[in-house]
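No value in this document is a laboratory result; all are computed from the given coordinates. As the structure is a computational prediction, the values presented were derived from the model and not from experiment. In this analysis, Cβ positions are derived from the backbone assuming ideal geometry, glycine residues included, and neighbour counts consider all displayed protein chains.
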Amino acid sequence: MKVAIVGVGNVGLPLIAVASRYHKMTGIDINKKWIEKLRKNEKVTEPKVNDLMAKYHFTKTTDFSLVSDCDLIIILVGSQKEEYSDIIVKKAIKSVSPYLKSKRQVLNVISTLEPGTMDKKIMPYLKKLGVLDKIKGVCYNPVFVALGSAVKYFNDPGYVLIGESNREAGSVVDSFWRSIVPKKTRFYHSDFPNIEVFKFALNLVLINKISLLNTLTEYCEAYDADIDFISTALKSDPRIAGPKMFKGGLGFGGTCFPVDARSFKKSQIKAKIDPVFTEAIMSTNDHQIERTVDLIKGIKGKKVTILGITYKPNVHLVTESQALGITKKLVKTKSVMIYDPRGMKEARKELGKTVKYARNLRQALKYGDIILIAVQWPIFSMIGRTDLRKNQTIIDPWRLLKGRLDCKYIPFGKK
């Protein structure tokens, strides 16, 4: 199959790298510098993408006219900032619209959209552009990828959701995915509203689980219980969780979950539904920052080291990171040094000269009177007794170093 992906960014690049093993792929992006970087095979941050690009090749271009020769045109541009928006999606559609002229072509939107957008905005826009009658059909096919493990997800997503304007269009998207994913993968075909709402529903369930575990973490501290024992036991109940259950610690951040929560609240208000449940989740998440800052302020010591600044391990982004939120509050009263294996460049954009930047983990550990392990980077779990002074205080929300240190040790989820 000849496939074009419009938007070769954090999600589009891993997808095209995986799919190029099975299809003739064309990657289109308006960012000329980025396309040139890909053409030169310069390193990218997402794990395993470079290996795939070295082995399987795809066209890297800024030329939208190349979609005219493609059977499937995937729109995978960014759609979120503070909230989700269809503006950039529409711009991408407008750019490819002059080249959508064949009944063999299917337009597939993967960029996340708010419920109601496909039927009320995208389809009328396509009709206005004169595209709908010229192509086979339109699909909405959101993915549930986590940055840092995007290649793993695209190789085995577990299930695929396809919202379709007609069965023929859906079958093309179906064929594309079935060539990539394992036979065990479940496929769900439906209309646009069902798929749009499911995307929000899934992420709301996930952030609810994170918030619940963090509430229980603080609850365990109050009653001298152990959150790791509690969460391990909860995993045994099939009504509640499974082996991938979250750990109690700090809250969620990143490019999706905070935007999902705000957008879900907005759509609830629009539908005249009381958003009290969503507001409670958002408030619980913000509370993790506040309680961590209050804890640090209550400990003697002027110097604080923050280990980890990204919103989760194995990514370089600091978007709405709880570690970043904690740091911004601490710099008002403490001297702060940060260290992150991959997020230092992005951190500088956000923090500027308000903090010190460690060259390596050793320097970071030496600096702080108080050390906060804010992100579960694997390298931090290797910290040992000889790396620290006995007069230092370690705050470990994730309990990576539980029972291994001589200095004052404060885990979350245990009194």
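In what sequence do 312, 2 fall when counting other Cβ within 10 Å, fewest first?
2, 312
Given H placed on each backbone N at 1.01 Å, which residues far from residue 137 in sequence or on other chains put an amide H within less than 5 Å of it?
Hits under the 5 Å cutoff: 107.
Taking amide hydrogens as modeled 1.01 Å from N in the peptide plane, which residues meet the under 5 Å criterion relative to residue 337, leaving out close sequence neighbours?
Under 5 Å from the amide H of residue 337: 304, 305, 306, 356.
Can you list the HN-Hα couplings for the stretch 380-394, worked out from phi with the Karplus curve (6.51, -1.76, 1.60; θ = phi - 60°), rounded to whole Hz and with x for Gly and Pro?
Values, residue by residue: 6, 6, 8, 5, x, 4, 6, 7, 10, 8, 5, 8, 8, 10, 9 Hz.
Report the gain in length on full extension from residue 379 to residue 83: 0.36 nm times residue separation, minus Cα-Cα distance, nm rounded to one decimal. Spell out each step's value before the answer.
Numbers: separation 296, 0.36 × 296 = 106.56 nm, distance 3.36 nm.
Length gained between residue 379 and residue 83: 103.2 nm.
Give me the percent of DSSP beta bridges within the chain that run antiparallel, rounded to the nearest 5.
5
Arranged by the count of other C-beta atoms within 10 angstrom, fewest first, what order do 185, 393 take?
185, 393
Reported to two decimal places, what Rg/Rh ratio describes the chain when computed on Cα atoms with Rh from the Kirkwood expression? Intermediate values should be presented prior to the final figure.
On the way: Rg = 23.3 Å, Rh = 23.2 Å.
Reported Rg/Rh (Cα atoms, Kirkwood Rh): 1.01.
Could you state the principal axis extents of the C-alpha atoms in the stretch 2-190, from the largest down, to the nearest angstrom?
Taking the Cα atoms of the stretch 2-190, the three principal extents are 41, 39, 36 Å.
Which cross-chain or sequence-distant (5 or more) residues have an amide H under 5 Å from the amide H of residue 410, H modelled 1.01 Å from N in plane?
394, 395, 396
Got a sec to turn the phi values of the stretch 253-260 into Karplus ³J(HN,Hα) couplings, 6.51 cos²θ - 1.76 cosθ + 1.60 with θ = phi - 60°, whole Hz, x for Gly and Pro?
x, x, 8, 10, 4, x, 5, 4
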